Amino acid sequence: IPKDEMIILDLQATNNWERPIYWAITVGRNKYMNLQDYFRVEGFGYRLVPIKGPSSSGNLSFGTVETDIMYDNLMNKFEYGNMNDPDIYIDENNMRMMINIRNSFSRLAGALIQEGKRDSAITVVDKCFELVPNHIVPYDYFALELTDCYFRAGAADKGNKIIEVALGVFNDELGYFLSLDRKFLKTQSVNEEIQRNLFYLQRMERTARTHRNTELANKIGDSLKIHFEKYNPN
């Protein structure tokens, strides 16, 4: 019997699943004890359950989503304080935590879409962008995942607005970095920032093209061409 199944059987015998066991979503994968296929996401934690779900570790999303519980937790029960107040200082550690919040909302929205609950998914994405706006935490990978949920849920107008704003943000970032002396572009930190922003633009172009906004996709593509030419001059 595989080790993970042995652990599940032992918990069944000793605990009978009466006392829930959770991992925080911020816990590293090396602490999962190879039990991630038995995780169920209910908010900002993974609950261990005796039901094995499909493995999805390839895209860094573990466990299945319990949409009813997670929706109630994220939308009604959890209190988020004043983190979206522009007068509140958010340090780097708290900013990383807020990125995790975007990830959780994105997972919930995606699961709701799979269940055909498009209106609920749109409400979830709306709530996330209200809680974690761009002026507090700049758009990142999970913000783009949320934007893709807008399109998949039928709210293309909202998705297009986010992409338009994000395009300006990433163009400004790349414009600054690519204006630096070439010696700085060779440093790891600057190069990573450039690569990250180029990836974000490529992700947005793919989203726009997938959802048949050819004009916006071409606009992003033109920006990419300009940035790549500056990044790799010949």
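Side notes on the structure shown:
- On the stretch given as the range 185-220, residues that are among the hydroxyl-bearing types (Ser, Thr, Tyr), under 18 Å from the mean Cα position of the chain (by Cα) and open to solvent by 20 Å² or more (accessible area, probe 1.4 Å) total 1.
- Test for Asn100: is it within 13 Å of the chain's Cα centre (by Cα), in a helix (DSSP H, G or I) and polar (S, T, N, Q): yes
- Qualifying residue in the range 153-160 (condition: of a type in the set (Lys, Arg), at pLDDT 95 or above and open to solvent by less than 80 Å² (accessible area, probe 1.4 Å)): yes
- Checking each residue in the range 4-37 for being part of a helix (DSSP H, G or I), out of contact with any Pro (no Cβ under 7 Å at 6 or more places or on another chain) and either surrounded by 11 or more Cβ atoms within 10 Å (Cβ to Cβ) or of a type in the set (Phe, Trp, Tyr) (or both) picks out Asp4, Glu5, Ile7, Leu9, Leu11, Arg29, Gln36, Asp37.
- Sole exception among (1) assigned to a loop (DSSP other than H, G, I, E, B); (2) surrounded by fewer than 18 Cβ atoms within 10 Å (Cβ to Cβ) for Phe62, by number: (2)
- Scope the range 120-136; condition of a type outside the set (Ser, Thr, Tyr), over 18 Å from His211 (Cα atoms) and part of a helix (DSSP H, G or I); matching residues: Val124, Asp126, Lys127, Cys128, Phe129, Glu130, Leu131
- Put simply, of Tyr176, Tyr139, Tyr150 the only residue that is of a type outside the set (Gly, Ala, Ser), in contact (Cβ under 8 Å) with a residue 60 or more places away in the chain and either within 25 Å of Pro86 (Cβ to Cβ) or not in a helix (DSSP H, G or I) (or both) is Tyr139.
- Among (1) open to solvent by 30 Å² or more (accessible area, probe 1.4 Å); (2) modelled with pLDDT of 90 or more; (3) in a loop (DSSP other than H, G, I, E, B), the one test that Gly43 misses: (1)
- Taking the criterion of being open to solvent by less than 60 Å² (accessible area, probe 1.4 Å) and either among the polar types (S, T, N, Q) or free of Cβ contacts under 8 Å to residues at least 12 places away in the same chain (or both), the residues of the range 92-115 that qualify are Asn100, Asn103, Ser104, Ser106.
The values are calculated or read from the model by the stated rules, or taken from the named source; none is laboratory data. Since we're looking at a predicted model, the values are computed, not measured. With ideal geometry, Cβ positions are generated from the backbone for all residues, glycine too; neighbour counts draw on all protein chains shown. Ligands, DNA and RNA are stripped out before the accessible areas are found, and what is left, the full protein with its side chains, is counted by its heavy atoms. Shrake-Rupley method; radii C 1.70, N 1.55, O 1.52, S 1.80 Å.
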